[in-house]
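Below you'll find the structure, written out as structure tokens, and then a few comments.
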Amino acid sequence: MIGSYIKTARRNLLHNKLFSFINIVGLAISMSVGLLLIAFVLDLRSYDRFHQNGERIYRITSVLTENREQGGKFATTSLKTGKLIRAKVTGIDQVAILRNDFSQDATVGDNILPVKGFWADPSVFRVFTFPMLEGNPETALKDPYSIVLTETAAKKLFGTQSALGKAIRFDTLDYQVTGVMKDVPFFSHINFEALVSLSTAEQLNRNNHNFEKWTSMSSNSVYLLLPENADKASIQTQLDAIAEQENRADQNTKIQLELLPLNKIVVGENLRRSEGGPGSMGPHMPPIVLWILGGLALVVILSACFNYTNLSMARAMRRFKEVGIRKAIGAGKSQVWQQFLAEAIMISLAALFLSFVLFLVLRPQLINLAPEMQHTVKLELTPTMVITFIIFSITVGVIAGFMPALFFSKVSAINALRNVSSVKVFKHLTLRRALVVVQYTLTLIFITTTAIGYVQYKNILAFDLGFNTENILNINMQGNKPDAFLKELSEMPEVTSLSRSLIVTSVGNAWGGYMKYTDSRDSVLVMTNHVDENYLPLHGYKLIAGGNFRARPTTTAAAREVIVNQQILKRFNIANNDPEKAIGQEITFSSFHGTRKMTIIGVMKDFHYGKVDNLIGPVAFMFWTPEDRAVINAKIQSKDMLATRAKIESAWKKIDRVHPFQAEFYDEAIEEAYSEFSTMIKIIGFLAFLAISIASMGLFGMVAFTTETRLKEISIRKVMGASSGSLIYLLSRGFLVQLSISALIALPITYLFFENMVLTRFPYHTPVHVVELLAGLLVVLLIAFLLIGSQTMKAAKSNPVDVLKSE
């Protein structure tokens, strides 16, 4: 029976080459998208699966509330949290603490190489599966100034010699290598070259009162290993008790603790993460993104399935006799149903081979689509992936063939010659026309979304941030003192001005503390930057009252001058929001460096400290001191920016031969900050191209079949005097009406989707214009007109004598 199905299906495919080609190519194109998505999801689901006890590992999430306002959820927490959990919470097997700020230059003999890693306590090897090659995992991180290297880091520092027991100098201190472990697998949300004993960090910070403070939660991650069948509700109750006790010390700042499973870290809720922290070392993908990508891929696949259904229904007149004869000689509904389903699955499996070739071609394009992709997925073939591809192909075949199989199985032998157009789904629409409308509606939504998204993205990049970014090169000093390099740069004629800052704003970086005015109970989180006296004029910030920095403090604690934005005046109602009268007012600022009184010496116009999808909030500038890390901001005037950048890089090598030159033009950094939007637009645009290609192939097949079946009618009309133009209108009218209905459905849906869902996340977005909505429609209409016109013109030019001579 199965052999008969296969033979019949093969005969039908070869007999109808055009329709077979359209279906196989359409399904292959759409399925290649499905294969990419499957590989992408399987890679994301592979993260942290190598840990033997992965199902029992949880990370602590900190939920911050300030002044009764939600401050967000953080992937990090405080050292005190980890120690309190270890001491007070029952029903836990192990507690591991990681601290993220270890990034130093290692000196081994004459070699100086940068090493990045974490401070960690010995429990890290009991919670996670990081196999040790040399050394004892139980004691390797016990003593101060102990370090465990990965296999690659050990070879980088010591070559082929055994690293165990060797000394490494960081700054002025010697650390002993107490272990060498296997390299961290690619699919790990924690990546490092070295682990240094947490007791070392405790000794180095023994005079820092904020080091183990309850609210110092920006640099640490705490992981718990729970026993089998753990009572998570009981553990959560104990975490709540710890939080309640510790929160009593500050009435305005509350921190709650939650459990997050290890398998929901990479694909899970979007948490706030400190730069370079354990929570941010690995990738993160919100589930909504996967749902969106899955939905878009499904639309493309359904478009190809609609093609199959439409063309199968269009060929119904030819296949009704076949079905009638089958039923007349005893075939039941199930046999007919199985025959057409087998045919669809054969087409789908044939398409799988072509789609796999397309997958291999598109795979590197997807990986190179954005820099973060290269560190997120590999998309390498695995046995699981291959099996999933085959199951996916069969599923697509079933979906594509289900409706035609159901349709033909219900045809009775008596009514085998009944016209397919009698099958109605709406009052005036046949099933075939309804599917065309749905297909083009989805296609129009795709292409219109791409057009609107691209315009919005370009508007974001061109948005007025409130300061100048043109031709400013931001150079990360990577721990070097900036004075010598500033001297080198000042001697270059292409560099017109220079300044120093702690961070680069408006690209997602953040630094801040809590500010109070007259009410000691009223505080607000204020974003800050430490800058020198040249920073404001170099970037063109607008001072609306007061002046620039006058004092030159050498320590952060000694800095007493502050320049604030208008939002701070509004927040505290300083001097009744009068910038001139606010000059000289005192505020209290608390941060990692302690609490100090500061005097407002200037008020600047509001600007975008964060990305433009965030509202403008309170911002303050303080003076940069030698204690701060340094970013040099160089204003460049040159006709050859690349040559000037190379010249600056040569100067860098004179002062630092260890670290590679890290510099980026401000405009490039802003573009990179919104790379996720750019990537999403590229993906949607690519899918839109595929959707319109598949829909166009289907339309071409439908038009070709329609003109073929109406060729005698066209010939008779020509004999009766009909013109070519009237014939083209006659044949294309139905398709154009269907496209018009699709437009009336798709354009309002897309507009409402952007205005009510997407753009609400961007408080400073520009409205959607009619041109963006109509651009996609015009493209689709143009393609449809060319396809319909070419086939109908061919039919209209046919010789009636050749068509009607046998009548």
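The values are calculated or read from the model by the stated rules, or taken from the named source; none is laboratory data. Keep in mind the model is a prediction, meaning the values are calculated, not measured. A quick note on method: Cβ atoms are made from the backbone with ideal geometry, for glycine too, and the neighbour counts reach across all protein chains shown.
Sort through Glu676, Glu649, Glu672, Glu664 and tell me the only one that's at pLDDT below 80, surrounded by fewer than 19 Cβ atoms within 10 Å (Cβ to Cβ) and either closer than 28 Å to Leu782 by Cβ or of a type outside the set (A, V, I, L, M) (or both).
Glu676
One residue is enough: does the stretch 536-554 have a residue meeting the conditions in the same structural domain as Pro626 (by TED's automatic domain parsing), over 30 Å from Asp640 (Cα atoms) and among the charged types (D, E, K, R)?
For the stretch 536-554, residues in the same structural domain as Pro626 (by TED's automatic domain parsing), over 30 Å from Asp640 (Cα atoms) and among the charged types (D, E, K, R): present.
Among the residues of the stretch 624-637, which ones are in a loop (DSSP other than H, G, I, E, B) and within 13 Å of Phe665 (Cα to Cα)?
Gln637 - this is the single residue of the stretch 624-637 that is in a loop (DSSP other than H, G, I, E, B) and within 13 Å of Phe665 (Cα to Cα).
Working carefully through the options Thr107, Thr81, find the one that is surrounded by fewer than 21 Cβ atoms within 10 Å (Cβ to Cβ), β-branched (Val, Ile, Thr) and either in contact (Cβ under 8 Å) with a residue 12 or more places away in the chain or under 30 Å from Ser355 (Cβ atoms) (or both).
Answer to the check: Thr107.
Would you call Thr469 part of a loop (DSSP other than H, G, I, E, B) and either small (Gly, Ala, Ser) or within 16 Å of Asn633 (Cβ to Cβ) (or both)?
When the stated conditions are applied, Thr469 passes them.
Hey, does the stretch 599-619 have a residue that's under 16 Å from Val504 (Cα atoms) and in contact with a strand residue (DSSP E or B) (Cβ under 6 Å, 6 or more places away or on another chain)?
Applying the first criterion (under 16 Å from Val504 (Cα atoms)) to the stretch 599-619 yields 607-612, 619.
Now drop any that are not in contact with a strand residue (DSSP E or B) (Cβ under 6 Å, 6 or more places away or on another chain), which leaves 609, 619.
Yes - at least one qualifying residue is present in the stretch 599-619.
Out of all the residues in the stretch 256-280, which are touching a Ser or Thr at 6+ places or on another chain (Cβ under 8 Å) and at pLDDT 90 or above?
Gln256, Leu257, Glu258, Leu259, Leu260
If Leu787 satisfies all but one of (1) surrounded by 15 or more Cβ atoms within 10 Å (Cβ to Cβ); (2) at pLDDT 85 or above, what's the number of the condition it fails?
(2)
If you check Ile399 against the conditions, is it more than 28 Å from the chain's Cα centre (by Cα), modelled with pLDDT under 75 and either assigned to a helix (DSSP H, G or I) or surrounded by fewer than 16 Cβ atoms within 10 Å (Cβ to Cβ) (or both)?
no
Is it the case that some residue within the stretch 206-220 is hydrophobic (A, V, I, L, M, F, W, C) and modelled with pLDDT of 90 or more?
The answer is no, given that none of the residues of the stretch 206-220 is hydrophobic (A, V, I, L, M, F, W, C) and modelled with pLDDT of 90 or more.
Among the residues of the stretch 741-758, which ones are surrounded by 18 or more Cβ atoms within 10 Å (Cβ to Cβ) and closer than 17 Å to Val455 by Cβ?
Result: Leu747, Thr750, Phe754.
What are the residue pairs meeting all of these: first residue in the stretch 181-202, first residue more than 13 Å from Leu141 (Cβ to Cβ), second residue part of a strand (DSSP E or B) and basic (Lys, Arg), Cβ atoms under 9 Å, and 6 or more apart or on different chains?
Within 9 Å, the pairs are Asn191/Lys116; Glu193/Lys116.
Scan the stretch 730-752 and give yes if some residue there is over 25 Å from Ala691 (Cβ atoms) and at pLDDT below 80, otherwise no.
Yes, some residue in the stretch 730-752 is over 25 Å from Ala691 (Cβ atoms) and at pLDDT below 80.
Looking at the stretch 371-400, I want the residues that are on the phi < 0 side of the Ramachandran plot and have a partner that is loosely packed, with under 11 Cβ neighbours inside 10 Å and not hydrophobic (A, V, I, L, M, F, W, C) with Cβ atoms under 8 Å, at least 6 apart or on another chain. Which pairs are those?
Gln374/Asn368
Sort out which residues of the stretch 643-675 are among the aliphatic types (A, V, I, L, M) and in contact with a strand residue (DSSP E or B) (Cβ under 9 Å, 6 or more places away or on another chain), and write them in order of number. I'd like the intermediate steps shown before the answer.
Our first condition is that a residue be among the aliphatic types (A, V, I, L, M); within the stretch 643-675, this holds for 643, 646, 648, 651, 655, 658, 663, 669-670, 673.
Those that are among the aliphatic types (A, V, I, L, M) and in contact with a strand residue (DSSP E or B) (Cβ under 9 Å, 6 or more places away or on another chain): Ile648, Val658, Ala663, Ala669.
Show the residue pairs meeting these rules: Cβ distance below 6 Å; 6+ apart or different chains; first residue within the stretch 453-473 and on the phi > 0 side of the Ramachandran plot; second residue not in a loop (DSSP other than H, G, I, E, B).
Note: pairs meeting the criteria are Asn471/Ile636.
Scanning the stretch 549-564 for residues that are within 15 Å of Phe589 (Cβ to Cβ) and of a type in the set (A, V, I, L, M), which turns out nearest to the chain's Cα centre (by Cα)?
The qualifying residue nearest to the chain's Cα centre (by Cα) is Val564.
In this structure, does Gly513 turn out to be closer than 15 Å to Val631 by Cβ and not hydrophobic (A, V, I, L, M, F, W, C)? Let's see the steps before the verdict.
Values: closer than 15 Å to Val631 by Cβ: no; not hydrophobic (A, V, I, L, M, F, W, C): yes.
It is false that Gly513 is closer than 15 Å to Val631 by Cβ and not hydrophobic (A, V, I, L, M, F, W, C).
For the stretch 240-255, what are the residues that are modelled with pLDDT of 85 or more and either hydrophobic (A, V, I, L, M, F, W, C) or touching a helix residue (DSSP H, G or I) at 6+ places or on another chain (Cβ under 9 Å) (or both)?
Passing the criteria: Ala241, Ile242, Ala243, Gln245, Glu246, Lys254, Ile255.
Of all residues in the stretch 605-623, how many are crowded, with 20+ Cβ neighbours inside 10 Å and either in a strand (DSSP E or B) or modelled with pLDDT under 90 (or both)?
Number satisfying all stated conditions: 6.
Quick check on the stretch 175-201: of everything there that is out of contact with any helix residue (DSSP H, G or I) (no Cβ under 8 Å at 6 or more places or on another chain) and over 15 Å from Val124 (Cα atoms), which residue is surrounded by the most Cβ atoms within 10 Å (Cβ to Cβ)?
So, considering only residues that are out of contact with any helix residue (DSSP H, G or I) (no Cβ under 8 Å at 6 or more places or on another chain) and over 15 Å from Val124 (Cα atoms), the one surrounded by the most Cβ atoms within 10 Å (Cβ to Cβ) is Ala201.
Pick from Phe128, Phe102: which is at pLDDT 95 or above and within 30 Å of Glu212 (Cβ to Cβ)?
Result: Phe128 is the single residue among Phe128, Phe102 that is at pLDDT 95 or above and within 30 Å of Glu212 (Cβ to Cβ).
Can you say whether Met515 is touching a Ser or Thr at 6+ places or on another chain (Cβ under 9 Å) and under 15 Å from Met598 (Cβ atoms), as far as the supplied structure shows?
yes
Go through Leu379, Leu366, Leu358, Leu362 for me and flag whichever is over 18 Å from Gly685 (Cβ atoms) and either assigned by TED's automatic domain parsing to the domain that holds Ser30 or surrounded by fewer than 18 Cβ atoms within 10 Å (Cβ to Cβ) (or both).
Of the residues listed, the single one that is over 18 Å from Gly685 (Cβ atoms) and either assigned by TED's automatic domain parsing to the domain that holds Ser30 or surrounded by fewer than 18 Cβ atoms within 10 Å (Cβ to Cβ) (or both) is Leu379.
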